[in-house]
1. Of everything in the stretch 29-77 that's among the β-branched types (Val, Ile, Thr) and more than 22 Å from Gly8 (Cβ to Cβ), which residue is surrounded by the fewest Cβ atoms within 10 Å (Cβ to Cβ)?
2. Hey, can you tell me all the residues within the stretch 1-39 that are part of a helix (DSSP H, G or I) and within 18 Å of Glu69 (Cβ to Cβ)?
3. Of the residues that sit in the stretch 6-28 and are among the charged types (D, E, K, R) and open to solvent by 100 Å² or more (accessible area, probe 1.4 Å), which one is nearest to Ile49 (Cα to Cα)?
4. What are the residues in the stretch 40-55 that are assigned to a loop (DSSP other than H, G, I, E, B) and touching a helix residue (DSSP H, G or I) at 6+ places or on another chain (Cβ under 6 Å), if any?
Amino acid sequence: VTVWDLIGFTEKRWPLMPKWIKFVSDKKSLSRDTWRLFYSFTEQYPKDISNYDPEGCWPCLIDEFVEQELKGSKGTQ
């Protein structure tokens, strides 16, 4: 979390950042793939993950995050 703050990954940079931080805060560590592909993920889905492709080659943790968020957004509608 500190590293993301230092490099400027804030809610202003990616609106889902607070939810991502909350999601990963209870994880012991993040895989190298997650670290490497996180930036690409935020570039491909800058504001909206509703068109996320679950068949894409994203790390499992990103898949889990999107699944959780999409379930949560359906429950609030």
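1. Taking the stretch 29-77 first, the residues among the β-branched types (Val, Ile, Thr) are 34, 42, 49, 62, 66, 76.
When the remaining residues are screened for being more than 22 Å from Gly8 (Cβ to Cβ), the result is 66, 76.
Details: Val66: 21, Thr76: 6.
By that ranking, first place goes to Thr76.
2. As a first pass, look at the stretch 1-39 and keep what is part of a helix (DSSP H, G or I): 2-6, 17-24, 32-39.
Hits for the stretch 1-39 are Trp4, Met17, Pro18, Lys19, Trp20, Ile21, Lys22, Phe23, Val24, Thr34, Leu37, Phe38.
3. Applying the first criterion (among the charged types (D, E, K, R)) to the stretch 6-28 yields 11-13, 19, 22, 26-28.
Retained after the next criterion (residues that are open to solvent by 100 Å² or more (accessible area, probe 1.4 Å)): 11-12, 19, 22, 26, 28.
Working: Glu11: 15, Lys12: 16, Lys19: 12, Lys22: 17, Asp26: 22, Lys28: 25 Å.
It comes out as Lys19.
4. Step one: list which residues in the stretch 40-55 are assigned to a loop (DSSP other than H, G, I, E, B), which gives 45-55.
Across the stretch 40-55, the qualifying residues are Ile49, Tyr52.
The values are calculated or read from the model by the stated rules, or taken from the named source; none is laboratory data. From a predicted model like this one, the values you see are computed outputs, not experimental measurements. Quick reminder, even Gly has a Cβ in these numbers, built from the backbone with ideal geometry, and neighbours come from all protein chains shown. Keep in mind that these areas ignore ligands, DNA and RNA; they rest on the heavy atoms of the full protein, side chains included. Shrake-Rupley method; radii C 1.70, N 1.55, O 1.52, S 1.80 Å.
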